[in-house]
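Just below is one structure, and these are the notes that go with it.
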Amino acid sequence: MDDKAVERTDEPHHVAGPWWADLGTWGAVALVVLGGVAAAWVFLDLPGTPQEPAFGYHGAAKLIAIGLVTVGCTLMSRRRGRPAAGEKTNKQEPA
């Protein structure tokens, strides 16, 4: 039996998260733009629009909402990682 066939127990288990968890800032911005395009598609009644426009608007709104929340969370986590403008980052070392 080779090493690839042996199950490794020391590796952490991968927990699957939602599909939008690893989008990042630009992926979330792309979701917001895609939701806007979908809403415009439904509004203009282009081919492929559902019979009931509410379904199309609902899907577009979900894309926009997920994108906005992801952008907000990403930007807030970046902001928390930086010191504020008034805080000093250079701490004096004890002699």
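Here are the numbers for the structure shown:
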read-out	value
J(HN,Hα) series, segment 70-82, from Karplus relation 6.51 cos²θ - 1.76 cosθ + 1.60, nearest Hz, glycine and proline x	5, 4, x, 5, 5, 5, 5, 5, 5, 5, 5, x, 9
Accessible-area order (highest first, 1.4 angstrom probe) of the listed residues Trp41, Trp26	Trp26, Trp41
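The values are calculated or read from the model by the stated rules, or taken from the named source; none is laboratory data. From a predicted model like this one, the values you see are computed outputs, not experimental measurements. Calculation scope for accessible area: heavy atoms of the full protein, side chains included, ligands and nucleic acids excluded. Shrake-Rupley method; radii C 1.70, N 1.55, O 1.52, S 1.80 Å.
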